[in-house]
Structure formats: C-alpha cells, structure tokens
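The values are calculated or read from the model by the stated rules, or taken from the named source; none is laboratory data. Computed from a predicted structure; not experimentally measured. So basically every Cβ, Gly included, is an ideal-geometry build from the backbone, and we count neighbours across all protein chains shown.
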Amino acid sequence: MKQEPTSIASTRIAFIGGGNMASAIIGGLIQQGLDGSRIAVVEPLAEQRERLESRYGVTTLEAAGPELQGFDLVVWAVKPQIIKQVATDCAQHLAGALHLSVAAGIRSDSLAAWLGSERIVRAMPNTPALVGQGMTGLYARTAVVAADRGLIEAVIGTTGQYLWVEREADLDAVTALSGSGPAYVFYFLEAMRQAGTEMGLSAETATRLAIGTFAGAARLAQDASEPPEVLRERVTSKGGTTYAALCSLEDSGVKASFVKALHAASQRAKELGDEFGA
C-alpha cells in the first residue's frame, strides 16, 4: 500500500491529455513541491489549456512536438479510443522516457509497440484521486527498474493509496472493483437519498446521512482487523431493523446482481484492450 514517496522535485513530467485524472495528479504533484514549470501538458482544448496554466502554472501544448524531448516521465491520460493514434504521433519525441498509462483496458504490449519502449507502467486510478483519496492499481513491465517504480509511487502517492499487481490481467479486476467503484457508491447514495425522502426526510438531510454513513463505515472497515462480513454481523441483530433490510436485499438478489455487475465491468475492460489495443 502507500509508502513514503521518493522526492520528485527534480523530475520533468509530461502529460498527454489534460482532463480530470491528469488534473488530479498535477494538483498532487504541485502540493508535493514540484514546480509547475517542470510539467508540460499536451491538451487540444484551448479552454482546458488555459485552466491548467492559470491554476497550476504548467506549460501547455496544443499538440505533441519536439518540446516533449528530455522529459523523465510521460503520463498517458487520454481515452482508450484515441491512444493508439496519439501514442504513434508522440513516440518520436519521447525517447528514453518512463511511461505511465492511465488509459483503461489498453495493455502494455500495445503501448510498447506504439511507443518503442519497454519502460511502461499501467495504472488504474479512480476519481477520488481528485480529492487525494484515490485508490490505484499498478502493473509494471519487466524493464521497469526499482528507481522507476519509486518515481511512479511518488507520483501516484500524491493522489492517495496504491498497490502493485503481479499479473497485468489483474488490472481488469482492479478496473471493475476500484476503477469503476466510485460509481457504485454514488449509485447506492442515490438509492439511500430516494428512500430517505420517501420516508419524509429532506433530500439534503438524507444525502448528508447517507454520505456520512458511507464515509464512517469505510473508515471503520479500513481500521478494523476483521473482514467485512464480521463487521456486518456486529450491527445485524436478528429480528432488528438492519436484519429486516438485509433480508430484503437478499430476497431481491442484490448481492448476486452486484457481483454479476462487477464481472461485467471486468469483461468490458478486457474488451477495451481487445478493441483499441490492436
């Protein structure tokens, strides 16, 4: 899990794509002391370039060019549908760089072929990285040495927690659990808000109760030594209110449907690699 980060103050980092995830990482890097002048972002949208320059003091480029030469790390933060073309266009300017991809589903074999490099790390972050509470899965190709891993950990560590997986195929499961996971939490928050309002609470009150409960339960689970099923049993007295709710969920097949949904997300991650990684 998260460790003490390596110093990143002297690192030069280029981002290909300047959307939400890139912004989250850039914000974390700035907070950790990396000067904005050491960061460049390739972003075709003028409005987003202006926002990044104004907020972080970074250099922005409308398209890849010779200006990218000499960067230590390149972060690929573009959509899977376009990464092949973008990587092909940029590769000639990125010799010698370490590469970190946050593009869902795109396998490192494809990236290595497009970039002509074996120093590639794949990451599957999630949106809580925007508030420094992210959970990121990482996979490194064999050419990635210990110092490279240290740099990646320093960069990703600015957005929250991380863990390494030994098999690249495991990133499909990481995508299903934590990459897509925030949406599941929001989905349940929606349901809890709806139920609360139907029972007479205001939407604001129901939302605050739901969010506070999720945050507290997650912290309790994080700090506890027992598994989730034991924690659940401790708050479930037979014949009580929690028992009634959980029985209703089981009768409706919610757990089975939820597990099925995560398998669907994992399968879609695999399909993205098949579809856009050729």
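On the given criteria, is residue 127 among the β-branched types (Val, Ile, Thr) and farther than 24 Å from residue 160 by Cα? Full working, then the answer.
On the way: among the β-branched types (Val, Ile, Thr): yes; farther than 24 Å from residue 160 by Cα: no.
Considered against the rule, which asks whether it is among the β-branched types (Val, Ile, Thr) and farther than 24 Å from residue 160 by Cα, residue 127 comes out as no.
Of all residues in the range 151-171, how many are assigned to a helix (DSSP H, G or I) and more than 24 Å from residue 130 (Cβ to Cβ)? Reasoning before the result, please.
Here is the first cut: in the range 151-171, the ones assigned to a helix (DSSP H, G or I) are 151-159, 170-171.
Next, from what is left, pick out any that are more than 24 Å from residue 130 (Cβ to Cβ): 170.
Here the count works out to 1.
Within the range 95-112, restricting attention to residues that are without any contact (Cβ under 8 Å) to a residue 40 or more places away in the chain and crowded, with 16+ Cβ neighbours inside 10 Å, which residue is farthest from the chain's Cα centre (by Cα)?
112
Cβ-Cβ under 6 Å, sequence separation 6+ or interchain: first residue in the range 136-155 and farther than 21 Å from residue 105 by Cα, partner modelled with pLDDT of 95 or more and surrounded by 22 or more Cβ atoms within 10 Å (Cβ to Cβ). Which pairs?
Hits for this filter: 148/98.
Let me spell it out: the conditions are (1) buried (at least 16 other Cβ atoms within 10 Å of the Cβ); (2) more than 19 Å from residue 74 (Cβ to Cβ); (3) of a type outside the set (D, E, K, R), and residue 169 meets all of them except one. Which number is the exception?
So residue 169 meets the others, but not (1).
To keep it simple, each residue is scored yes or no on (1) surrounded by 15 or more Cβ atoms within 10 Å (Cβ to Cβ); (2) in contact with an Asp or Glu (Cβ under 7 Å, 6 or more places away or on another chain); (3) under 20 Å from residue 128 (Cα atoms).
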| position | (1), (2), (3) |
| --- | --- |
| 173 | yes, no, yes |
| 184 | yes, no, yes |
| 190 | no, no, yes |
| 202 | no, no, no |
| 206 | yes, no, no |
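Just to be sure I understand, how many residues within the range 118-130 are surrounded by fewer than 21 Cβ atoms within 10 Å (Cβ to Cβ) and within 23 Å of residue 11 (Cα to Cα)?
3
Being closer than 30 Å to residue 271 by Cα, in contact with a Leu (Cβ under 6 Å, 6 or more places away or on another chain) and in a helix (DSSP H, G or I) is the requirement here; does residue 176 meet it?
Yes: the conditions hold for residue 176.
Just one of 15, 71 is surrounded by 20 or more Cβ atoms within 10 Å (Cβ to Cβ) and either among the aliphatic types (A, V, I, L, M) or farther than 19 Å from residue 134 by Cβ (or both); which is it?
Values: 15 fails: either among the aliphatic types (A, V, I, L, M) or farther than 19 Å from residue 134 by Cβ (or both).
Unique residue meeting the criteria: 71.
Please enumerate the residues belonging to the range 46-56 that are in contact with an Asp or Glu (Cβ under 8 Å, 6 or more places away or on another chain) and surrounded by fewer than 16 Cβ atoms within 10 Å (Cβ to Cβ). Steps first, please.
Here is the first cut: in the range 46-56, the ones in contact with an Asp or Glu (Cβ under 8 Å, 6 or more places away or on another chain) are 46, 49, 52.
46 - this is the single residue of the range 46-56 that is in contact with an Asp or Glu (Cβ under 8 Å, 6 or more places away or on another chain) and surrounded by fewer than 16 Cβ atoms within 10 Å (Cβ to Cβ).
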